[in-house]
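One structure is given below, encoded as structure tokens.
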Amino acid sequence: MTWRVRQRAQWGRASVEKMLGALPVVAGFCSRLRIRELVDAACPVRDVAELTHGQVIDVLVANRLTSPAPLVHVREWAHAWAVGEAFGVEPGLLNDDRIGRALDAIAPHLDHLAGSVGLAVIEAFGVEVTRLHWDLTSISLQGDYKQAEPGFAAPKFGHPKDRRPDLKQIQAGLAVSSDGAIPLFHRSYDGGAGEVIPAMQALQRLAGPQPMLMIGDSKLISYANLAAMTAEGVAFIASASKIYMPAEVLARQRLDQAQAVDYVAARDAGKDAGRRGTWHVAEDGMTLAGSRKKDPILALRRIFVHSSARAEAAATARAKKLDRARDDLARLERGLGGRHYPDEQTVADRITAIGRARRVSRYLIAAIGSDPATGKPTLAWHFDQHALDAEAATDGWYALLTNLDPDAADVEQILRHYKGQEAVERRHQAFKGPLAVTSLYLKNNRRINALITVICLALLIFCLIERQVRQTLAAHGATKVNGLYAGRPAIPTGKLILDALAGIRLIPGTGQSPPTIPQPTDLQLHLLDLLDIDPRDLR
């Protein structure tokens, strides 16, 4: 459409509409999880207080799920959104000082709150907890934090996944159920590696008397962790790092002696059978000893896994880095004796830099000398074929360690259990994506720990919303929601659901007139029906 007449806008009165979005959905799920009730029981306030800590935490969870904002801007967000109508909270009271006091209040009770809310999830939503996936992710922090308050995870330098080694970090551990990928428990850790034993004990309390299987990556593997889980009767599956699985052990594996597994990776689900990756497994045993003589020796099953797709990716990556290194070395040869490489030392420094940048140091062999006639540096180099062959022999192989009894799970079942680990990685992506957790800046580590709990509660509701929509669809024999993604049918995700609901608005009531919600779209009404939420039922 082309506008034929140039028009001039005029000033008018401010709109009285507020954003409602998914606030009624969030409020309903907060109520089912009893977040306000649990927080207020752990952190009571005086009778004269205008807001309870539970009310503040409810609102912070809603903010993370609808329009994440720095704490100093939460009050403005609450005025623009229908926070008063949905949560019964006066927006003007949500200044950053009041929010900070709420975070300070809940900080000593974070483990208790995480466990209590986890139990509420199991009771209210019937989530299965016999198999849990555990993983850590790093959260970068703006600020120095020289004096960390004891008793809370402290910011430290480490190896952050966002590649910001200049920033201190805190780690967040998530335990995600195999049933709907629900993050049932979380815990904050120092910037270094986290100890899993307290988390394992908390998860045991959630699981109750039923047996529990804990699945994790290589950070789960240490003698202390495995001994504690074995002593407590907790089964585990975890990938083995190079510390426990040297490359030469992997190189000895033979594909023709391994058992083929009828497993299809998610990335291959839509491909023809001939284009799908293949999987093979083999098994033996190993023992793990502690540092003290009195430490019992642990007997573990060791499952070797080979993925053809992983092998192809490793070979392709190695070929690319070798080609790039060859190009760099050719340029170096052409520049020998020039102003950039006038002597042996500058050539040696460049060789070191190439090896490090292209990750070929282990197989790059170089001989540097000087031409007697001209005094210019000389260079002879090659790649060590033996080292290349040794690395290629490990392509596609990795190892899993477990204490599961063979009668409880064969090698194929162990692989299938472990491949569910992508669920926790997917939730970490939501943690840093739709919930907008990148770099945090708060007054102290006490409040950082508390805000991580708020974010994890928001992530929990985010995942429960997704699970409920999918379950309701499945009960009607469907898997997709029409019009959910760019007007097309799509499998519902937490982000797509919240995005679709974001356009719902509310006109505040005046006098005896109740608030009015302009007619939602058919898609929004369908999602609200799947969630069993009526947005007209306000606080």
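Output the direction-averaged projected area (hull surface divided by four) of the convex hull of the alpha-carbon atoms of the chain, in nm².
Value for the chain: 37.9 nm².
Calculated from DSSP H runs of 4 or more alone, at -39500 (n - 2.57) each and per residue, what is the 222 nm mean residue ellipticity of the chain, nearest 500? Let's see the in-between values first.
Details: 18 runs with 214 residues, N = 539.
Estimated from H runs of four or more residues: -12500 deg cm²/dmol.
For the chain, find the longest principal axis of its Cα atoms and tell me its angle to the long axis of helix 197-207, 0 to 90°, nearest 10.
50 degrees
Please sort 59-72, 446-459, 384-397 by packing, taking for each peptide the average over its residues of neighbouring beta carbons within 10 angstrom, highest first. Numbers along the way, then the final one.
Values: 59-72: 21.6, 446-459: 24.3, 384-397: 15.6.
In decreasing order of mean packing, 59-72, 446-459, 384-397 become 446-459, 59-72, 384-397.
Relative to the longest principal axis of the chain, what angle (0 to 90°, nearest 10) does the C-alpha long axis of helix 110-125 take?
70 degrees
How high is the relative contact order of the chain, in percent, counting Cα pairs under 8 Å that sit 6 or more residues apart?
On the way: 841 pairs, mean separation 103.0, N = 539.
Normalised by residue count, the contact order of the chain is 19 percent.
Rounded to the nearest 0.05, what FRET efficiency do Phe383 and Gln413 have when you use their Cβ-Cβ distance and R0 = 51 Å?
Here the calculated transfer efficiency is 0.80.
Counting only heavy atoms of protein chains, what accessible area per residue, in Å², does the range 1-122 have with a probe of 1.4 Å?
That works out to 52 Å² for each residue.
Name the residues whose placed amide hydrogens come within less than 5 Å of the amide hydrogen of Phe185, ignoring near sequence neighbours (fewer than 5 apart) on the same chain.
It is Ala175, by chain and number.
Hey, what do the phi angles of the range 325-335 turn into as Karplus ³J(HN,Hα) couplings, whole Hz, using 6.51/-1.76/1.60 and θ = phi - 60°, x for Gly and Pro?
Karplus values, whole Hz, x for Gly and Pro: 5, 4, 4, 4, 5, 5, 5, 5, 4, 5, x.
List every residue whose amide H lies under 5 Å from the amide H of Arg131, counting only residues 5 or more places away in sequence or on a different chain, with H placed 1.01 Å from N in the peptide plane.
Correct list: Ser178, Leu213.
Kindly rank 175-185, 335-345 from highest to lowest mean number of other beta carbons found within 10 Å of each residue.
175-185, 335-345
Once fully extended, how much extra length lies between Asp349 and Met286, figured as 0.36 nm per residue of separation less the alpha-carbon to alpha-carbon distance?
Result for the pair: 18.4 nm of gain on full extension.
Note down the nm distance, to one decimal, between modelled labels 7 Å out along Cα→Cβ at Ser15 and at His340.
With each label placed 7 Å out from Cα toward Cβ, I get 5.6 nm.
Computing the accessible area with a 1.4 Å probe over protein heavy atoms, can you report the carbon and sulfur percentage for the chain?
The value for the chain is 50 percent carbon and sulfur by accessible area.
How large is ³J(HN,Hα) for each residue in the range 414-421, as worked out from phi by the Karplus curve 6.51 cos²θ - 1.76 cosθ + 1.60 (θ = phi - 60°), to whole Hz, x for Gly and Pro?
5, 4, 4, 4, 5, 5, x, 4
For the Cα atoms of the chain, what angle does the longest principal axis make with the long axis of helix 23-33, in degrees from 0 to 90, nearest 10?
80 degrees
What does the extension gain come out to for Thr479 and Ala265, with contour length at 0.36 nm per residue minus their alpha carbon separation? Spell out each step's value before the answer.
Details: separation 214, 0.36 × 214 = 77.04 nm, distance 1.94 nm.
Separation in residues times 0.36 nm, less the Cα-Cα distance, equals 75.1 nm.
Say a paramagnetic label sat at a point 7 Å from the Cα of Asp405, along Cα to Cβ; which residues of the range 209-223 have their backbone N under 14 Å from it?
211-212
Do the alpha carbons of any pairs in Lys156/Lys320; Lys242/Lys480; Lys168/Lys293; Lys18/Lys480 sit beyond 32 Å of each other, and which pairs?
Cα-Cα > 32 Å for Lys156/Lys320; Lys242/Lys480; Lys168/Lys293; rest within.
With θ taken as phi - 60° and the coefficients 6.51, -1.76 and 1.60, list the Karplus ³J(HN,Hα) couplings across the range 513-528 in order, rounded to whole Hz; mark glycine and proline as x.
7, x, x, 10, 10, x, 3, x, 6, 4, 5, 5, 5, 5, 5, 4
On average, how much accessible surface per residue is there in the range 471-534, in Å², for a 1.4 Å probe, leaving out ligands, DNA and RNA?
Result: 59 Å² per residue.
For Arg505, what residues show an amide H to amide H distance below 5 Å, using hydrogens built from the backbone and excluding near sequence neighbours?
Amide H neighbours of Arg505: Leu20, Gly21.
Once R0 is set to 41 Å, what does the formula 1/(1 + (r/R0)^6) return for the Cβ-Cβ distance between Asp371 and Ala393, expressed as a FRET efficiency to the nearest 0.05?
The pair Asp371/Ala393 has a calculated efficiency of 0.55.
The values are calculated or read from the model by the stated rules, or taken from the named source; none is laboratory data. Just so it is clear, the model here is predicted, and its values are computed rather than measured. We place every Cβ from the backbone using ideal geometry, glycine too, and count neighbours over all the protein chains shown. Remember, those area values only see protein heavy atoms, side chains included, never the ligands or the DNA or RNA. Shrake-Rupley method; radii C 1.70, N 1.55, O 1.52, S 1.80 Å.
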